[in-house]
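Visitor: Below is one structure. I have some questions about it.
The values are calculated or read from the model by the stated rules, or taken from the named source; none is laboratory data. Since the model is a prediction, treat every value here as computed from it, not as a measurement. Cβ sites come from the backbone with ideal geometry, for glycine too, and all protein chains shown count toward neighbours. Heads up: the accessible areas ignore ligands, DNA and RNA and are worked out on the full protein's heavy atoms, side chains in. Shrake-Rupley method; radii C 1.70, N 1.55, O 1.52, S 1.80 Å.
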Amino acid sequence: MLGVVATLSVHPDVESAAQAAADLLAALITEAQAARGVAHVAVAGGTTPRRTYELVGPLLANAADIEWWFGDERCVPADDPDSNYRLILETLLRTPSIPIDRVHRIRGELDPADAAARYAAELRGGAPLDDKGVPQLDVAFLGLGEDGHTASLFPGDPALEIRDRLAVPVVAAKPPPNRITLTLPVLRAARATVILATGEGKREAVARVLAGPDIATPASLLDATSLTLVLDEAAAPAV
Ligand code: 6PG
């Protein structure tokens, strides 16, 4: 039985899914800017979102009025090929109208606990708070692992139970192992959450997300009522 609340946006192939994700991201940013003057967006790492980040820059009418955050980061220097910040530098930040000082880098070169604490403090001081005092992103743009992880919240990780911290260090199953991740309270507080997932390898994880909350599938613990899954047909559940 598929869950009934997450929204599916299915496209024929990887390129059209990437374009749809860029269009959705730009629309959500514009909506936030119209309502509050600025958009707070957390971006994902990995390989899937690269094309979306290449496409979205020119779609942003007010590219300067966006605060860019990260859903997670690997504990590597900013110029490391594994750095999510470097991914953004190579794609999104090729748009000259996006000010680099509004990109809140997680300092992966520091001690992980120190980097997480610094990032959490910056997020708490830099983003609006919801009625529970949790920093409220306008968009959490996320990926999905084949094991159902999202950001760097992996199955079985104690970080999944954390409710009193905004960002924590983890040791992940996916290399590089040492990472910093936003915690579920922050991801669930986001006004809109988007998962971009493509390829046959993600199909089972997508189905598990749609089947409802299950601690074994971290992405299924996101707030499904504000979640859109942008998929290609290979990752989409069979109709
Ligand atoms: C990361 C990501 C992670 C990623 C998934 C999917 O830093 O690794 O934030 O959550 O989105 O692992 O990765 P791919 O897009 O490479 O499949």
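Visitor: If we keep just the residues of the stretch 128-150 that are outside any loop (DSSP other than H, G, I, E, B) and within 16 Å of the ligand (Cβ to nearest atom), which is nearest to Gly37 (Cα to Cα)?
Guide: The residue in question is Val139.
Visitor: Next question. Looking at the stretch 1-19 only, could you name the residues that are touching a helix residue (DSSP H, G or I) at 6+ places or on another chain (Cβ under 9 Å), assigned to a helix (DSSP H, G or I) and open to solvent by 10 Å² or more (accessible area, probe 1.4 Å)?
Guide: Within the stretch 1-19, Val14, Glu15, Gln19 meet the criteria.
Visitor: How many residues does the stretch 123-175 hold that are in contact with a Ser or Thr (Cβ under 7 Å, 6 or more places away or on another chain) and open to solvent by 70 Å² or more (accessible area, probe 1.4 Å)?
Guide: Count: 1.
Visitor: Out of all the residues in the stretch 50-79, which are within 16 Å of the ligand (Cβ to nearest atom), open to solvent by less than 10 Å² (accessible area, probe 1.4 Å) and assigned to a loop (DSSP other than H, G, I, E, B)?
Guide: Scanning the stretch 50-79 gives a single hit, Gly71.
Visitor: Same structure, new question: Which condition number in (1) without any contact (Cβ under 8 Å) to a residue 12 or more places away in the chain; (2) under 20 Å from Ala39 (Cα atoms) is the one that Val194 fails?
Guide: (1)
Visitor: Only one of Ile98, Ile88 is assigned to a loop (DSSP other than H, G, I, E, B), out of contact with any Ser or Thr (no Cβ under 6 Å at 6 or more places or on another chain) and within 17 Å of Tyr53 (Cβ to Cβ); which? So that I can check it myself, show each step before the final result.
Guide: Values: Ile88 fails: assigned to a loop (DSSP other than H, G, I, E, B).
Result: Ile98 is the single residue among Ile98, Ile88 that is assigned to a loop (DSSP other than H, G, I, E, B), out of contact with any Ser or Thr (no Cβ under 6 Å at 6 or more places or on another chain) and within 17 Å of Tyr53 (Cβ to Cβ).
Visitor: If you don't mind, there's one more thing I want to ask. Taking the stretch 24-50 as the region of interest, how many residues are touching a Leu at 6+ places or on another chain (Cβ under 7 Å), under 17 Å from Leu229 (Cα atoms) and not hydrophobic (A, V, I, L, M, F, W, C)?
Guide: Count: 4.
Visitor: Go through the stretch 1-50 and count every residue that is in contact (Cβ under 8 Å) with a residue 60 or more places away in the chain, farther than 20 Å from Glu200 by Cα and β-branched (Val, Ile, Thr).
Guide: 4
Visitor: Starting from residues that are more than 17 Å from Leu210 (Cβ to Cβ) and touching a strand residue (DSSP E or B) at 6+ places or on another chain (Cβ under 6 Å), keep the ones in the stretch 188-197 and report whichever is surrounded by the fewest Cβ atoms within 10 Å (Cβ to Cβ).
Guide: Ala192
Visitor: Go through the stretch 90-101 and give me each residue that's surrounded by 16 or more Cβ atoms within 10 Å (Cβ to Cβ) and out of contact with any Phe, Trp or Tyr (no Cβ under 6 Å at 6 or more places or on another chain). Step through it out loud before you land on a result.
Guide: The first filter runs over the stretch 90-101 and keeps only residues surrounded by 16 or more Cβ atoms within 10 Å (Cβ to Cβ), leaving 91-93, 98.
Across the stretch 90-101, the qualifying residues are Leu93, Ile98.
Visitor: Can you tell which of Arg203, Arg163 is in contact with a helix residue (DSSP H, G or I) (Cβ under 7 Å, 6 or more places away or on another chain) and either of a type in the set (Asp, Glu) or more than 9 Å from the ligand (Cβ to nearest atom) (or both)?
Guide: Arg163
Visitor: Now a separate question. Any idea how many residues of the stretch 129-161 are of a type in the set (A, V, I, L, M, F, W, C) and more than 12 Å from Pro218 (Cβ to Cβ)?
Guide: Going residue by residue through the stretch 129-161, those that are of a type in the set (A, V, I, L, M, F, W, C) are 129, 134, 137, 139-142, 144, 151, 153-154, 159-160.
So of that shortlist, the ones also more than 12 Å from Pro218 (Cβ to Cβ) come out as 129, 134, 137, 139-141.
Adding up the residues that qualify gives 6.
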